[in-house]
Amino acid sequence: MKHKILILDRFHETGLKILRNQPNLDITHQVSPELNTNQNYEHDILITRSRTKINSRLLELLPNLKLVISVTSGFDHIDLNAIKAHKLQVEYCPEANADSAAELAWGLLLSTTRNIPQAHTQVTKGLWRNEHLIGRTLKDSTLLIIGFGRIGKRVANFAHAFGLKIIVCDPYVENLPSWADAVTLEEGLKNCDIVSLHVPKTNKTFHLLHADNLSLLSPHAILINTSRGDVVEEKALLHALASKSIRAAGLDVFAKEPLAENSMYFELKNVVLSPHAGAFTEDAYKLGAIQCAEKVLAFLKGEPASHPLPPQTAWVNDLDTLP
Ligand code: NAD
């Protein structure tokens, strides 16, 4: 029997080649992430990225579906209750973009501590250094990492190499490297110079940082968020930045994406913004497509899923759906 695969959104040629080499696969690749709601699709395998919201409405258009693979490490675009109701196997690809996401977080951290985008703009305007560009040296600063998973660990390794002191808030992780210390969220926020967020979006991490605990940060503190916009209460963050109760923020993710034309962030000089670009490298796309193709082949051979959803993690009970 031929399996029919529907691939939505960007998918690297290398992964397509692996799939096209299989004689029993009929592949449709559509660059648009949307399905035509007036059409019924016969496919039994669906491959998507985060621009396709996987919910009951979408699943009803695909009555033969057996397997969904999201080529992403976040999965908050997938309604796990709908997946459960349709008895589907779902996988994600959390290993594929961990390096690129960690590197972007580090890039935002360096850009923010040294005002690199502002310096560039100033130089292109024919201006030279002034006191607005004075940054801070990272060595001996304290970095709080919230969420010590794939990406948080990588960022911690960069920080260790730069000579920072590293403190970690992750109630689900027992073993830390000898050079990192576990802290509670409150202790961490009180004692850090920089905080970087690497948690998934769950019931417990929604607005994990809010007006009250953001006020524990010192006025020279810098916040980096490459996790999910909703992990920080945006109104409170905007207020903290505008009132300079914290020094600056480097942000890749926002409560609503893309940002509105009149976003308050555009009024602020103490932010460095990127367009949810953590996974936006050629290498991450390629690796994601290869890992996804390998998951399809494993599924066809009847092998167990390597990264099933809901995830097999200690924090699974913080999600809306129980396994
Ligand atoms: P991961 O699952 O490997 O690690 C998440 C860590 O967060 C785990 O160690 C977990 O114990 C911890 N955690 C869970 N709940 C927590 C809580 N309440 N308090 C503190 N720690 C908690 O995930 P990852 O691959 O490191 O990715 C982290 C998140 O980064 C993803 O869920 C995704 O939302 C985001 N991400 C963003 C981009 C981007 O383009 N900006 C790219 C990749 C991933």
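The values are calculated or read from the model by the stated rules, or taken from the named source; none is laboratory data. On a predicted model such as this, the values are computed, not experimentally measured, just so you know. All Cβ positions, even for glycine, are placed from backbone atoms using ideal geometry, and neighbour counts span all protein chains on display.
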(message) Exactly one of these conditions fails for F206: (1) more than 8 Å from the ligand (Cβ to nearest atom); (2) closer than 19 Å to R114 by Cα. Give me its number.
(response) (2)
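Residues that are within 16 Å of the ligand (Cβ to nearest atom), at least 2 per element: which helices (runs of 4 or more DSSP H) completely within the stretch 82-166 meet that? Steps first, answer last, please.
Values: elements: 98-114, 116-124, 150-161.
Helices (runs of 4 or more DSSP H) meeting the threshold: 98-114, 150-161.
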(message) I want to confirm something. Restricting to the stretch 2-42 and keeping residues that are closer than 27 Å to R57 by Cα and among the basic types (K, R), which single residue is surrounded by the fewest Cβ atoms within 10 Å (Cβ to Cβ)?
(response) K2
(message) Step by step: first the residues of the stretch 183-194, then only those that are away from the ligand (no atom under 12 Å from the Cβ) and not basic (K, R), then the one that is nearest to L110 (Cα to Cα). Which residue is that?
(response) I194
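Quick grid of which residues meet (1) near the ligand (Cβ under 10 Å from one of its atoms); (2) of a type in the set (K, R):
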| residue | (1), (2) |
| --- | --- |
| K256 | no, yes |
| M264 | no, no |
| V271 | no, no |
| S274 | yes, no |
| K286 | no, yes |
| A293 | no, no |
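Going through the stretch 147-178 one residue at a time, which ones are aliphatic (A, V, I, L, M) and touching a Gly at 6+ places or on another chain (Cβ under 7 Å)? Before you say what the answer is, go through the steps one by one.
Start the filter on the stretch 147-178 by keeping residues that are aliphatic (A, V, I, L, M), which leaves 151, 155-156, 159, 161, 164, 166-168, 173, 176.
If the condition is that a residue be aliphatic (A, V, I, L, M) and touching a Gly at 6+ places or on another chain (Cβ under 7 Å), then I167 is the only one that fits.
Whether any residue in the stretch 245-254 is over 18 Å from A105 (Cβ atoms), surrounded by fewer than 17 Cβ atoms within 10 Å (Cβ to Cβ) and at pLDDT 95 or above is what I want to check.
Of the stretch 245-254, the ones over 18 Å from A105 (Cβ atoms) are 245.
Still in the list and also surrounded by fewer than 17 Cβ atoms within 10 Å (Cβ to Cβ): 245.
Now narrow it down to the ones that are at pLDDT 95 or above: 245.
Yes: one or more hits.
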(message) I'm checking my understanding of the structure. Among residues of the stretch 297-318 that are of a type in the set (A, V, I, L, M) and surrounded by fewer than 21 Cβ atoms within 10 Å (Cβ to Cβ), which one is farthest from D230 (Cα to Cα)?
(response) L300
(request) Looking only at the stretch 170-192, count how many residues are touching a helix residue (DSSP H, G or I) at 6+ places or on another chain (Cβ under 8 Å) and small (G, A, S). (result) 1
(message) Any residue in the stretch 63-84 that is over 12 Å from T52 (Cβ atoms) sitting within a Cβ distance under 8 Å of a residue that is away from the ligand (no atom under 16 Å from the Cβ) and among the small types (G, A, S)? List the pairs, counting only those 6 or more apart or interchain.
(response) A82/S56
(request) Confirm whether R57 is out of contact with any Pro (no Cβ under 9 Å at 6 or more places or on another chain), more than 22 Å from L309 (Cβ to Cβ), basic (K, R) and more than 16 Å from the ligand (Cβ to nearest atom). (result) no
(request) Identify the single condition in (1) touching a residue at least 24 places away in the same chain (Cβ under 8 Å); (2) within 27 Å of P311 (Cα to Cα); (3) over 21 Å from the mean Cα position of the chain (by Cα) that L217 does not satisfy, given that it satisfies every other one. (result) (2)
(message) I'm trying to understand the selection: among the residues of the stretch 112-137, which are out of contact with any helix residue (DSSP H, G or I) (no Cβ under 6 Å at 6 or more places or on another chain), polar (S, T, N, Q) and closer than 16 Å to I246 by Cα?
(response) T112, T113
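Hey, can you tell me all the residues within the stretch 62-74 that are away from the ligand (no atom under 15 Å from the Cβ), surrounded by 17 or more Cβ atoms within 10 Å (Cβ to Cβ) and in a loop (DSSP other than H, G, I, E, B)? Give the derivation first.
Quick first cut of the stretch 62-74, residues away from the ligand (no atom under 15 Å from the Cβ) only: 62-69.
Next cut, surrounded by 17 or more Cβ atoms within 10 Å (Cβ to Cβ) only: 62, 65, 67-69.
Those that are away from the ligand (no atom under 15 Å from the Cβ), surrounded by 17 or more Cβ atoms within 10 Å (Cβ to Cβ) and in a loop (DSSP other than H, G, I, E, B): L62, L65.
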(message) Of everything in the stretch 255-291, what is closer than 22 Å to H132 by Cβ and of a type in the set (A, V, I, L, M)? Give them in sequence order.
(response) M264, L268, V271, V272, L273
